Every structure is written in C-alpha cells, then in structure tokens.
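All remarks here apply to the structure that follows.
The values are calculated or read from the model by the stated rules, or taken from the named source; none is laboratory data. These numbers were taken from a predicted model, which means no experiment stands behind them. Cβ sites come from the backbone with ideal geometry, for glycine too, and all protein chains shown count toward neighbours. Just so you know, the surface numbers come from the protein's heavy atoms only, side chains and all, with ligands and any DNA or RNA stripped out. Shrake-Rupley method; radii C 1.70, N 1.55, O 1.52, S 1.80 Å.
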Amino acid sequence: MAEPIIKIENVNFVYEGSRRRAIADIGLDVYKGEFLVVTGPTGAGKSTLCQCLNGIIPHFTKGVMTGSINVVGMDTREHPVYEMAPHIGLVFQDADAQLFGMTVEEDIVFGPSNLGYDYEECMRRIEKALGDLNIEALRERKPQELSGGQKQSVAIGGVYAMLPEIIIFDEPTSMLDPWGKQNVFSIIKDINKVYGITIVLVEHEMNHIAKYADRVCVMDRGKIVLCGTTEEVFQQTDRLRELGMNVPQSIEIGNLLKRDGVIGRVPLSADALIAELKALPGLPKTPCAADDAARRQEAEAGPVVEAEHLVFSYLGETNQLDDVSVTFRKGDFTAVIGQNGAGKTTLMRSIIGLLKPQSGKILVCGNNITEKTVAELSADIGYVFQNPDEQIFTDSVLDELYFGPDNLGRDREKSKALVNEVLGDVGLERYENTWPKYLSKGERQRLSMGAIITMDPEVVIVDEPTTGQDWRETLWIMDLLKKLNDRGKTVLIITHNMEIVCRYCNRVVVMRGGNILLDGAPRDVFTEVETLKTAYVEPTDITRIAQALPYMPDNILSVQEFYDCFTAIRKGA
Amino acid sequence: MLVDYRKLDTWVHRLNPKVSMLVVLFVIVASIVWTNVLFLAALTLVLYLVGVSCRFPWKQIAWFLKFALFASILILIIQAFTIDQSLIETEWIRETVLFYVLPNHKGAVMLGGLLYGLAASLKIYMVVFAIAILGYSVPPTEFVRGLGKLPFASKQLTFIFSTAWRFIPIIRGQALNLMNAQKTRGMELEKGKLGEKLKKMMRIVTPLLSNSLEIGSDIALTMEARGFGATKKSKFVRPGKTSPGAIVACVAVLLLIAALIYTSALGIGVM
C-alpha cells in the first residue's frame, strides 16, 4: 500500500484556557491524490483538525497538543507554518478575511512572493492559478467588488498558486449561494481530479460530499466516529441522523428502496438514482396525488404587508426592484428565493424602511411606512439580519432580549413573561448572564432571532436564517420560526435552502432581476421547472427525482411522500 | 477615507501616478512655506478647477467641507485676537488694527491675525483637495506598488498599508449594518441630545471593535497559512516603466518644489 501523504497519530488538542479536548485521539492516514471529506456537527473539532494539519496548531494557536502529525515527511511540531505552506495550503470559510491584495492578481501573488520567488516565477504562478481555476477574467478586479463565490475562488487561487501537494478546505462554501457553491465545488473537484492535488475538505453540505468524496470521516465531540468510503458512511443513515447530520434525500430514498429490494445498491447521486429507477421494468404512468391539504390552505386573513409598484435602484445601477407588487397575509410562512442580486434583500429592507424606494407604496399593518421611522416600524415588523454578530450589542443574553422592548418604551415587568418564554424557546436559559460573544454561531443566531421575537412584532423577516449552520441547528432555527408562525405571526424568510422551504413554508416567492417571477404554494411553484431554471433555482433532489420519472407526480416535496407514492404505484403495477 | 478611487478617463487620471504624487508633494510644501493669502488662495482655486475638470465628486467630501468651514471660522476668531505679531513680516499688516470689540481700545482685532487665520484655513483646504484628488485619480495599487519599491519600506509596512485600504470598506459596512440593526430594534439613532447620541453610538463601537479584532485574528491566521514571514523582503518587484514624458514632468515638478523653497526663503509668498 502507498505511503500516506498525511499521517495523524493519536492527536489531542486542548485550547489555552479550556479543559475540554477540542480533538481527541485522532488517528488517520490520508493518501496522495485522495479526496477526503471531514464532516460533522458544529463544534465537532473539524476546524481544529484542519489547523493542526498545516501547523497553525501548535505554532500559532496556543494550547496543549499531544500526538504527532506528519505531512509529506515533515513533523508539524518541528516546522513553522511558513515552512509547511509550500506543501499544504489552507482555504478558510470567510473569503473576505483571506484576500489581502488590492486586486485579484496582487492577492494571488501574496503566497508565492512570501516564499521568496522572483518576479518571473511569481508571474508564472499567477498565470497558472488564473488559467487552471478559470478566473482569468477577474485578474484586475478589486476583491471587494467580487461576489461571494468569486471571492472564494480567488482565495483558492491564492493557495493554489503556492503549488502545494495538499489543500485543506475549511467549509469553503458555507457563506455562499447555490451558484457560488457549485462554482467552488467544481474548482475543488478539478484541483483534485485534473491537477492531482490531495484534498481534505471540511463540509456539511452532504449532497456535495456524496458527489465528490473518495472517503468520508465524520467527527463528533472531537473524535472521528465514522470513517469509510462514501457509500459505507452514507449507508448508516440512522447513525448520521443521530449525529445531527442531514442525509441527502437521494441517498435516504435509495436506502429505503434498497431495503424493499427495489434496487441492489444505493447510488451516490440523484442522477444515478434516476437512471436506476428509470430502468425498472413494468411501472405504469399513474401518478398519485400527494396529500398536502394543510399546506394548500390559503391564508384568508387580512394583509399585513402590502407593497405596490416598488421601484428601487442604487445610484447609477439597474433597478434592484422593478415595479414589484406583493402582499403578505397574516399567518403566511413565506420563503423569498432567487439568485443573489435578484432583489430579495432589497425588497425586505424596503418593507422595513431601511431602503427608500424611488416610487411605490408600502403599507405595514395598514399604515403607510413613509410616515414612520425604522425604529417606529420595528414594533410591527422585525428583521433578523444574516450575520448575528452585526446585531448583538449588549453584554449579556438577557440584556440583549430586553434591548428591543426597552427601546420601544415597554414596561420591563410586562416584557418579563415574554422574555422568559423566548429565553426558553431559543434554548439559552443557562446562558442568560453570558456575554453573547461566548456563544456558538448557532446560539448567537438563535439569540438574534429571540431579540426580535421579544419585541412581539406582527411580522418577522429573517435573512438567510440557516446559512453556515449545521443541520441540527438549521432544524432548531426553523422549528423556532414555525412555532412563531403557529402563534399567528407572519414569517418571511430569505433562503437558498429548498429543503427547508418544502418542509416549513406554505408560500414561495421567486425573484429574478428585481421582479417576482413566481408566487404560490411550494407544490405548485416547484413544478415550474423551466421557469425556475431562469432564476437559477433548482428544486430539491427528491422533487427532481420524481419529476424525472414518468410514473411519478411532479409535485413531490418530501422523501416520505415519494416513498408512499412509489410504493403505491409498485403495488398497483 | 476622504474619497475613493474612480476609474475614469480624464487628463488627471491619465497622469503618471508618480507625477500626481509629486504634485501633491508640491502642494504640501507650498502649504508649509507660503503664508501669503493671495498665493494660497490662487493655488486653492487652481486645485478646485483641477477637481472640476476631472469630475471630482465634491458631494462626497461635503461633510468635510462643512467641518472645515466651522474649523476655519474658529481659527479666524482665535487668530484675530491672539496672533503672535512676530509671525508676520510685513510691517503694515502686522500693525493694522481693524477694530476693537471692547471699549477703551481693548480686544483689538488685528488684520494680521485675520489674514493669518485665513491662510491657515486655506492651507487645510488646499492639502485636503490635493490628497482627495490624488486618491480619486490614482489607483490604490499604484501607491502600494510604489511603496514596495522604496528601499526603506519593509514588506510589513507595505502590507499594513494595503490591508488597511482593503479592510476599511469592510469595517465601514459593518458599522452601517450595526446601525441598521439598532434601528430595527427600536433605537432612534438620530433623535436625542448629544450625550444620548454618544451613548447610543457606544453600543455600536463595542461590537464593531470586537468584530474587527476577530477579522484581525482571521487575517493573521490566513497570512500564516500563506507563508507570511518566510522571507523578510519580497523579491516580487514589478518592472516599472516610466515614459520619457513622465520623467520630464517629474523632474519639472521637483525643480518647482526646489524653486518654491528657494523663493519663499527670499520672502516671496510670505506675508
């Protein structure tokens, strides 16, 4: 067997000031040319492991490390990070924090110039990185002008230009929209398959893991708890769920069909499963109607937000909102979806008064918002920003929850009951006097939502509530919103996650180029496949699989629906 | 930042960056050696006309101009009453009293003081106009590249400069988001007395500072991962080509600066 390119032997690490082992008893070999995915819930120790691999731990981050890591024959404890850098690169989560150059070219050359290469060699590497990663067009652009996906591509280019044998990616797509994710994954795949670089990818986007990985290791509480080929790991659906992981829908249904003897092995992608199911003999075209009466109930209540003929553009740019009219009724749970730049955030920020459309009218709870300040409007309509760190101001969790009601002049005694209830709902009872910065990202996101809920607004708007969260946290956040919706509040979310749209929302508004393209129940909207394509929106895997099979209805929204319908058709046949 | 770089095709944008930087150096030297209001006013006017000709966005520095106007009035008042006469070389200006604000020839308002205050104000405007037009017409990359070529500038210094330029808009964006988040939580940022407003601002400063520290820490990690510190001086120096015209212009501006210093020593441009 070939010698491993990375050899990890019984590694433990405890951060300075902590007692808990962030990673514990890690032993792992990685082989040349391999595409290894490390996954697991937030706080499992994945990022700590990444930083151990290139020597940031123990040279830069303080703490106690035991065990040894050998990378291309170098013991990471004996070589400083800059000596490891030519052999092992690390791409971080936040693209903004890793672009230093004033242009893309300047950024890409940062690594090679640090390694002491002369002008000619640096230029050769710039050309190679720009060419191989297909980002030549960005060469002269300023990093701050790029989209999230482009920024991350450039960050990868900067590491790639150092021509390392191994590149580690620490959740490189967690802050990107689906388009950006696809772009970055395609680059990572090429780096591995075409250019032969060994990849260690930390990721909890399970769909992509299944597509690209040779091997998957699952971490939990600092330990590797599952490790094997992609197929081996994804067969353990129950164990993955136990660990708070989301199993790709295609694999979930594949496992069910394999159990029933319909298919022999579980394909690792939706396309492969479609091919297998299409080849099954003797299935008639008798689509069964999926029962979704509850979701189909139209909200008959009165409107809470009415936007009419909104036009908005930033100075000198094309219209971000181009004559948009939309009404949200009391009790709606609506997802606003579409590519970045489609106008989703602009529409929502106009509704809360942060942006002033050049023309049009907005009524919130029957009142024209032009007559009110944003602060006055906040009593009726709450807005949770995408980044929790940009909306937490106080020194304790409890103060944060009282911040809004206090500003609205509400009596503390009267607010107390609601604050206590919300504290429980967001699962932060134990932390009421904790400095919010000490909470995990998921907890901070819940806190920022709680801080809006304590203001008791009629409408709650949440901008990408689950971005960067693991599946367990995603479900917690969405359940919290569902609870709010069940209490009669109107909930509007901006999201790129179609699976949660199908699970939780009764209405979907699809935006494209500053216009509303589609508006209706998820079951109706996701059947408009061709129209959705123009907005770069793709239905979930399970809907896509059903739509590809002539004998299945085209409006399936969940794995259970698919399974029930498929089983009924098989029995009928 | 006073104003951001904009990529336009005006004669000022087309100037060689080295020439532009030397012109700014000329303005700075003039602001130091000249005290004559007429000279300073003429140069300020020239700079204003240069700004107009290169479509400089005056609106963007309106906030500063308002602040500078307030500062100018303050300087004028203070100088008018408290001018140190020895600073003025021209005798009649030094000795002319415009009027008295108090009875019995007390509280003299001196012509020299007023002119000196006016000169000080013009110097502020002059330097600000010059630097703002430079920032507007020369790409930041040129500054950093120029800095990197200087023999005394370490890689760290160049890096500090470029990082600051790169991250200021991010921090500015975060500050704006924090303010927006406060408004959506019922905080009336624009209302209240100065003390109240300051207290509200403090609510933004704390998270901004903590977020900035986090960004700083992330940057440090990323730098390490990309080999920062492996060499002391980068060997990656772009071969820069300066056209003969630009060399002539640079020499001409340098000669002008020398002439400026020499003539001011002879009393030209001095009040």
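Observations, loosely collected:
- Residues in segment B:196-212 that are at the interface with another protein chain (Cβ under 8 Å from one of its Cβ atoms) and either of a type outside the set (D, E, K, R) or touching a residue at least 40 places away in the same chain (Cβ under 8 Å) (or both): B:I204, B:T206, B:P207, B:S210, B:N211.
- Members of segment B:175-195 that are more than 7 Å from chain A (Cβ to nearest Cβ), open to solvent by 40 Å² or more (accessible area, probe 1.4 Å) and part of a helix (DSSP H, G or I): B:L176, B:M179, B:L194, B:G195
- Listed conditions (1) free of Cβ contacts under 8 Å to residues at least 40 places away in the same chain; (2) surrounded by 24 or more Cβ atoms within 10 Å (Cβ to Cβ); (3) outside any helix (DSSP H, G or I) are all met by A:A546, apart from (3).
- Within segment A:331-355, the set of residues being closer than 28 Å to A:R523 by Cα, of a type in the set (V, I, T) and either in contact with a Phe, Trp or Tyr (Cβ under 9 Å, 6 or more places away or on another chain) or more than 14 Å from every other protein chain (Cβ to nearest Cβ) (or both) comprises A:T334, A:V336, A:I337, A:T346, A:I351.
- Of the residues making up segment B:236-254, not a single one is more than 7 Å from chain A (Cβ to nearest Cβ) and at positive phi.
- Candidate set from segment A:362-375 (those that are in a helix (DSSP H, G or I) and either out of contact with any Asp or Glu (no Cβ under 8 Å at 6 or more places or on another chain) or within 16 Å of A:P303 (Cα to Cα) (or both)); member that is nearest to the other protein chains (Cβ to nearest Cβ): A:V374
- So A:G101, is it small (G, A, S) and in a loop (DSSP other than H, G, I, E, B): yes
- Condition check for B:I215: more than 7 Å from chain A (Cβ to nearest Cβ) and surrounded by 13 or more Cβ atoms within 10 Å (Cβ to Cβ): no
- All conditions but one from (1) buried (at least 16 other Cβ atoms within 10 Å of the Cβ); (2) within 30 Å of B:K106 (Cβ to Cβ) apply to B:L40; the one that does not is (2).
- Top-ranked residue of segment A:102-111 - restricted to ones that are at the interface with chain B (Cβ under 7 Å from one of its Cβ atoms) and under 14 Å from A:G157 (Cα atoms), ranked as surrounded by the most Cβ atoms within 10 Å (Cβ to Cβ): A:G111
Yes or no, residue by residue, for (1) in contact (Cβ under 8 Å) with a residue 40 or more places away in the chain; (2) assigned to a loop (DSSP other than H, G, I, E, B):
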{"residue": "A:P86", "(1), (2)": "yes, yes"}
{"residue": "A:L90", "(1), (2)": "yes, no"}
{"residue": "A:Q93", "(1), (2)": "yes, yes"}
{"residue": "A:A97", "(1), (2)": "no, no"}
{"residue": "A:G111", "(1), (2)": "yes, no"}
{"residue": "A:E120", "(1), (2)": "no, no"}
{"residue": "A:R125", "(1), (2)": "no, no"}
{"residue": "A:R141", "(1), (2)": "no, yes"}
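- Output for segment B:55-70, where each listed residue is surrounded by 13 or more Cβ atoms within 10 Å (Cβ to Cβ), in a helix (DSSP H, G or I) and at pLDDT 85 or above: B:W58
- Failed item in (1) surrounded by 15 or more Cβ atoms within 10 Å (Cβ to Cβ); (2) at pLDDT 90 or above, with A:V266 passing the rest: (2)
- Residue match in segment A:48-65 (condition: touching a Pro at 6+ places or on another chain (Cβ under 9 Å), in contact (Cβ under 8 Å) with a residue 24 or more places away in the chain and either assigned to a strand (DSSP E or B) or surrounded by fewer than 19 Cβ atoms within 10 Å (Cβ to Cβ) (or both)): yes
- Residue check: A:T76 meets all listed conditions (1) at pLDDT 90 or above; (2) touching a His at 6+ places or on another chain (Cβ under 9 Å); (3) surrounded by fewer than 21 Cβ atoms within 10 Å (Cβ to Cβ) but one, namely (3).
- Looking at A:Q358, A:Q391, A:Q386, just one residue is within 11 Å of another protein chain (Cβ to nearest Cβ), among the polar types (S, T, N, Q) and touching a strand residue (DSSP E or B) at 6+ places or on another chain (Cβ under 7 Å), and that residue is A:Q386.
- Residues in segment A:327-361 that are in a strand (DSSP E or B), crowded, with 18+ Cβ neighbours inside 10 Å and out of contact with any Leu (no Cβ under 7 Å at 6 or more places or on another chain): A:F333, A:A335, A:I337.
- Any strands (runs of 3 or more DSSP E) falling wholly within segment A:486-525 and containing at least 1 residues that are free of Cβ contacts under 8 Å to residues at least 24 places away in the same chain, among the aliphatic types (A, V, I, L, M) and under 15 Å from A:Y536 (Cβ atoms): A:515-520
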